[in-house]
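For reference, the structure is listed below as structure tokens.
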Amino acid sequence: MIYSLDLNTSKCTAVKKNKMIKSILNVFIFFIKDVKIGQEMALVGISTPGKQKEWCLQDFEIGKRLGRGKFGKVYLAREKQSQFIIALKVLWKQSLIKHDVEHQLRREIEILANLRHPHIIRLYGYFHDHQRVYLMLEFCAGGEVFNHLRAAQKFDERRSAKYINALSHALQYCHKKHIIHRDIKPENLLLDHKDNIKLADFGWSVHAPDSRRNTIFFSLFYTYKKTNICFFRFTLYKKRCGTLDYLPPEMVEKKKHDPSVDVWALGVLLFEFVCGNPPFETNNQSKTLQKIKKLEFRFPSHVSPLARDLMLRLLVKDPSQRMQLSQIASHPFILKFGLVKILQVHNFQEKLLKHTSSARLFKKQQKLFKC
């Protein structure tokens, strides 16, 4: 069952206890009117061997809205029996059908349900009623990396190296399972209360055992704001999957692509972390595409030689010549900050999930993460 979740974020370490209590008190306002509770629920849960837990909205206390997207909203929620805090993503069926993205949601659920990694957001379960689909996701108290990056304008190199190192391990894990994310960007990265980065939003991801895929054609863009200036971040639905600033040359040129598209995106991400903006960003879509094809970008003067070297090894036009994800952790830019190897916590989590007794499982997890 899913009463027992991986990390009891309603508790915290002694160092951050006071901050977390204040944070929870500030955002956890129960029984708000934003979510209307239906009386009849048709739902699907993730099952344990021989038994299935059927979830419904009445199983949760609903708190403050954490965010909103094109197809729904995300709320802070607490499971009533275990008192475990999650992020409840509420998606409107009508909106999903209108934009013909039901297949994306199904794919995202299928992929996330099979991923267990400390730097990939966890899907605990899902259910639905006649109007909405609900995803029970890991709550990340730090929120989107995008918001932190816009507030700070850019990250220092130590912080950037920490995040890139963690994501390289997460992507290695995905690629071993033949999963390509295809939409890595700050908006799709979350931070927990310990500043650990989490890869999220697998809506554009794909399971590709043959390792090569055709570029999909889609079209829509949205904007985001930094202070009073409006920047354009194009997310293409009926032209190309992914986000324009992060598209690799092979997808821009409508060629087949493979898992190395995530390596390219990691290079763009590192550039944006250190410099504050993506390397190929312009205010014109066509110009951005041309810069990507020609690999035209410049480093600001403050970027260190080691950071430049890593970016240049990731941002290579020929996919076969890009640095391997397994080599990133041993690059001098990562090593100079003394970053330790990512702990493979997911192996222990998978063992715990084999237990049929949710009570025993919850007790073991409480003991593991007790602070």
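Put simply, of H103, H130, H99 the only residue that is under 18 Å from A200 (Cα atoms) and surrounded by fewer than 15 Cβ atoms within 10 Å (Cβ to Cβ) is H103. For beta carbons closer than 7 Å, sequence separation of 6+ or different chains, a first residue in region 326-337 that is assigned to a loop (DSSP other than H, G, I, E, B) and a second that is of a type in the set (A, V, I, L, M), the qualifying pairs are H331/L310; K336/L306; F337/A161.
Restricting the first member to region 87-114 and to residues that are within 22 Å of D59 (Cα to Cα) and outside the structural domain of H175 (by TED's automatic domain parsing), and the second to residues that are of a type outside the set (D, E, K, R) and assigned to a helix (DSSP H, G or I), the beta-carbon pairs closer than 8 Å and six or more apart or on different chains are L91/L105.
Is it fair to say A151 is within 30 Å of S301 (Cβ to Cβ), surrounded by fewer than 21 Cβ atoms within 10 Å (Cβ to Cβ) and among the aliphatic types (A, V, I, L, M)?
On the way: within 30 Å of S301 (Cβ to Cβ): yes; surrounded by fewer than 21 Cβ atoms within 10 Å (Cβ to Cβ): yes; among the aliphatic types (A, V, I, L, M): yes.
Criteria met by A151.
How many residues does region 66-79 contain that are over 13 Å from F139 (Cβ atoms), in a strand (DSSP E or B) and in contact (Cβ under 8 Å) with a residue 24 or more places away in the chain? Summing the residues that are over 13 Å from F139 (Cβ atoms), in a strand (DSSP E or B) and in contact (Cβ under 8 Å) with a residue 24 or more places away in the chain in region 66-79 gives 2. Identify all residues within region 48-65 that are surrounded by 15 or more Cβ atoms within 10 Å (Cβ to Cβ) and outside any helix (DSSP H, G or I); write none if there are none. Selection gives T48, K53, W55, C56, F60, E61, I62, G63, R65.
The values are calculated or read from the model by the stated rules, or taken from the named source; none is laboratory data. In this text, all values refer to a predicted model and were calculated from it rather than measured experimentally. Using ideal geometry, Cβ is built from the backbone for each residue, glycine included, and neighbour counts are taken over all protein chains shown.
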